[in-house]
Structure formats: C-alpha cells, structure tokens
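In what follows, a single structure is set out as structure tokens and then discussed.
The values are calculated or read from the model by the stated rules, or taken from the named source; none is laboratory data. Here the structure is a predicted model, which means the values were calculated and not measured. Reconstructed Cβ throughout: ideal geometry from the backbone, glycine too, with neighbour counts over all protein chains shown.
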Amino acid sequence: MKRSAAPARRTAPGIAVTGIGLVTPGGIGTEASWRAVCAGRPAAALDPALPPSDTGVTCRVPGFDGEALLGGRKAHRLDRFTQFALVAATEAVADAGLDPASWDGARVAVVLGCADGGPETVEAQHQVLLRHGPARVSPLLLPMQLPNMLAGQTSIELGATGPNLVVATACASGATAIGIARDLLLLDRCDIALAGGSEAMITPLVMAGFAQMGALSRCAGDPARASRPFDIDRDGFVAGEGSGVLVLERARDARARGARAHALLAGHALSADAHHMTSPHPEGAGAEAALRTALADAGAGPQDVRHVNAHGTSTRLNDLVEAQVLCRVLPHAPLVTSTKGVTGHLLGAAGAVEAAFTVLSVEHSLVPPTAGLATLDPKIHINAATASVPLDIPLAVSNSFGFGGQNAVLAFAAT
C-alpha cells in the first residue's frame, strides 16, 4: 500500500472540553451513560416497534419522554432526533457552567452531525399521505425531518446566533462536527461551540434497508450478545439511537472564566477512502491517513497514544480493517475498547457519543470494557479491554468511519 508521509508535527492552541451532554441507550444524562458503559451492560433488546424478525434487535434510549423533558407543545413539533439533541445540549451547557441568558449569542456556534434526519416523521407522514391524501399531511413534515433543523432548533432553544450547521458524513458525522467546531474556534469565528451529533433512525424502513444489506446482527435469540465488537462470532451491528454534545472553548478562555476542562481536544483529521460506497478500503488507507494526521495535528507521535476508542461496529470487515490499521500505526498496542458493545451503533451520533466517552476515560483514568467480546478474532491483534481498566491516559484517540469512505479521528489529551 502506498502511504503518504505524516504531516510535520505542530502544536495548535488548546481547545478545552468544558461541557458534556449525553442521551444514550445506557441512560439519559452523562452519569447514567458513563456508568452503563463502564459496567459493560449491553442495552440491546428485541424491539417491539419493529416487525418480528431475526434482525429486530436494537439499542433504544430507555425511558425517554420528550414531553416530560421538553414540554408537550415543543416535543410535538420536534422529531425524536432533535429532541435527543436538545436534551443533550442543555445538559452540556449546564455542565460547562454557562448561562445562555447572559452569553453573547453571536459568538456561540452550533455544529452538529447526523446521517439521516427524521425518518420517523417521514415514514409516519407517508402513511398519512397514502391513507388520507395530501391535504392531511402535516405542515410540520419538513421542519421536523430536515437534517439542518438539528442545529437550527438547538440555536433557537439556546439563543446561539453564531455559525450554525449540520454535517453529514454517515457514521462519522458526530466526530466530523466536533472537528469542524474546533477549527471554527481556532479561526476565531466563535468563542464557544456546541458540537456533537444526534440520531433516531430506528424505523421499519431504515432497519429493513440495513437488513437487506446484510449489515445487522442476526443474533435475536440472545440480544445481549448481538453487538460483539472484534469477537470471532460477530455478525453485524446493532442499531442504536441517541445524542452526544460537547461544549468546546479555547483553553485560555475557559481558564479566564474559571471553568473546569474535562480534557483537551488536541487534534483531529478527516479523510476519504475514495474506494466503495459501503465497504472500507481493504487496507484501511483512509482510516490510517486520518489517524496519522490527527496525531500530527496534536503534536504527538504514535507512541503517545495510551487508549483508543475504536469505531468497532461488530461487523466482519470493519473490525478487521480497523484492527490492522491500529497495529500498523500504534504497534505498542494501546488499550482498545468499543463502547458499541453497550450502546450499539448510534450511526450519525456514534462519533459524538464515543468522543464523550473518550473524554471521560481521559478525565477519570478509566477505560470501559468492550461488552460482548468473549473470544477475540484470531485475525485481530489488538489489546482489547474486556473489563474496566484503571489507566493513566495522557492521550487518547476516537475513531469514526462512515459509508462512502468518510473517516474522522479525534485526539484528546489530559489537562
């Protein structure tokens, strides 16, 4: 494989993660979500909202009540993917010690990612169209389902009038959004950035599409074992839903206002495989380029990485290719985990949620287990965590890869 040389090292001004908000299959809120992944408690279960089949296993957010959390009128006007984001963003802002009533909204950016938008609303309104005709379709159809409304509604909720956008790089969307938000801060386009992703794609049509591709686990008889990253018996991913939002600020600004930094976003990189619409490059060329460039952007070398939160989808090809990349770039075998063993694959929100888990690992010096991993595939040569491991983590990376060969890697450093 032809490999490009890694860019020369440089050190950019520090970007602090001052707030975290999570809505995941592990629970609502950062504490509940972190506790679930550290316990290695899989969230997968048979989904009563899907037709009975051997691919009807999903990871839903438990007990999510949009009306109770956001108010009935507001919740009725928002698709589930936007509801998740508003709850996560509100928690992140509060965790950062910020007050939207008093901040300069023009200096606050919102950069969020999702892969689809609001398919639940689309499918429901399509049924209305078929049964009752166009006159009965809701005028809220487009405002509810358009992907850009994820950032638009967040800005409305929080009075953030700075740069506002949604990015779509499939399952790398959330991580891509965080990287772009960092760039906006470094370019002085904003002083505060709310960055992350949200997704609610567990619908009959979307799941049928994934099933027809052969992407989903068929382990319906034992849902807790359906998502099993890097395991010899892995047979596909389990779809999840949720949101992760980080508050990012320049480290000097955070220090000036006395804010706590969970960790530093030290570097990031994006790349493309330019290979296939759904399969990764067979040698992981794009993923490797992103990982090497993210480390160079952080002013770090491969030997500095102590922990990797892997993309680790539990699919045959993705896990193998990612593991091969990790062996080539990080031959010292840092501790690897895939939190998808607990949460399933949150699609466009995965990179954001896993970035948050990586930040928490750095902050708490703790690597969560790879739930579902019983027997490591003998073709995979990584140092995989199978239990929670206390570990000092000066630097960690979080990998996210998406359909279309779109790759994003984030590097987080201890404060």
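General observations
- For beta carbons closer than 6 Å, sequence separation of 6+ or different chains, a first residue in the stretch 30-45 that is buried (at least 22 other Cβ atoms within 10 Å of the Cβ) and part of a helix (DSSP H, G or I) and a second that is modelled with pLDDT of 95 or more and of a type in the set (S, T, N, Q), the qualifying pairs are Ser33/Thr24; Val37/Thr339.
- The residue of the stretch 294-353 that is modelled with the lowest pLDDT, among those that are assigned to a helix (DSSP H, G or I) and basic (Lys, Arg), is Arg316.
- Screening the candidates Ala261, Ala285, Ala272 for the property of being within 30 Å of Thr154 (Cβ to Cβ) and either of a type in the set (Ser, Thr, Tyr) or crowded, with 20+ Cβ neighbours inside 10 Å (or both) yields one hit, Ala261.
- Top-ranked residue in the stretch 203-242 [being among the hydrophobic types (A, V, I, L, M, F, W, C), touching a helix residue (DSSP H, G or I) at 6+ places or on another chain (Cβ under 9 Å) and surrounded by 24 or more Cβ atoms within 10 Å (Cβ to Cβ); ranked as nearest to Leu22 (Cα to Cα)]: Ala239
- Taking the criterion of being touching a residue at least 24 places away in the same chain (Cβ under 8 Å) and surrounded by fewer than 20 Cβ atoms within 10 Å (Cβ to Cβ), the residues of the stretch 57-68 that qualify are Pro62, Gly63, Phe64.
- Filtering the stretch 326-337 to residues that are under 20 Å from the mean Cα position of the chain (by Cα) and either of a type in the set (A, V, I, L, M) or surrounded by fewer than 24 Cβ atoms within 10 Å (Cβ to Cβ) (or both) leaves Leu326, Leu335, Val336.
- Contacts under 8 angstrom Cβ, first residue in the stretch 121-139 being closer than 15 Å to Arg77 by Cβ, partner among the hydroxyl-bearing types (Ser, Thr, Tyr), 6 or more apart: Gln125/Ser138
- Just one of the listed residues (Leu140, Leu86) is surrounded by 14 or more Cβ atoms within 10 Å (Cβ to Cβ), under 24 Å from the mean Cα position of the chain (by Cα) and either closer than 30 Å to Ala387 by Cβ or of a type outside the set (Gly, Ala, Ser) (or both), and it is Leu86.
- Of the residues making up the stretch 88-115, those that are closer than 11 Å to Gly197 by Cα and part of a loop (DSSP other than H, G, I, E, B) number 2.
- Among the residues listed as Ala211, Ala224, the single one being within 20 Å of Trp34 (Cβ to Cβ), in a helix (DSSP H, G or I) and in the same structural domain as Gln145 (by TED's automatic domain parsing): Ala224
- Tally of residues being outside any loop (DSSP other than H, G, I, E, B) and more than 14 Å from Val110 (Cβ to Cβ) across the stretch 183-195: 2
- Lone qualifier among Gly351, Gly344 - being crowded, with 24+ Cβ neighbours inside 10 Å, at positive phi and not basic (Lys, Arg): Gly344
- Going through (1) within 26 Å of Val247 (Cα to Cα); (2) surrounded by 20 or more Cβ atoms within 10 Å (Cβ to Cβ) one by one, Leu366 falls short only on (2).
- Filter result for Leu373 (surrounded by 22 or more Cβ atoms within 10 Å (Cβ to Cβ), in contact with a Pro (Cβ under 9 Å, 6 or more places away or on another chain), touching a residue at least 24 places away in the same chain (Cβ under 8 Å) and more than 25 Å from Gly21 (Cα to Cα)): yes
- On the stretch given as the stretch 297-316, residues that are among the small types (Gly, Ala, Ser), surrounded by 19 or more Cβ atoms within 10 Å (Cβ to Cβ) and over 22 Å from Leu366 (Cβ atoms) total 1.
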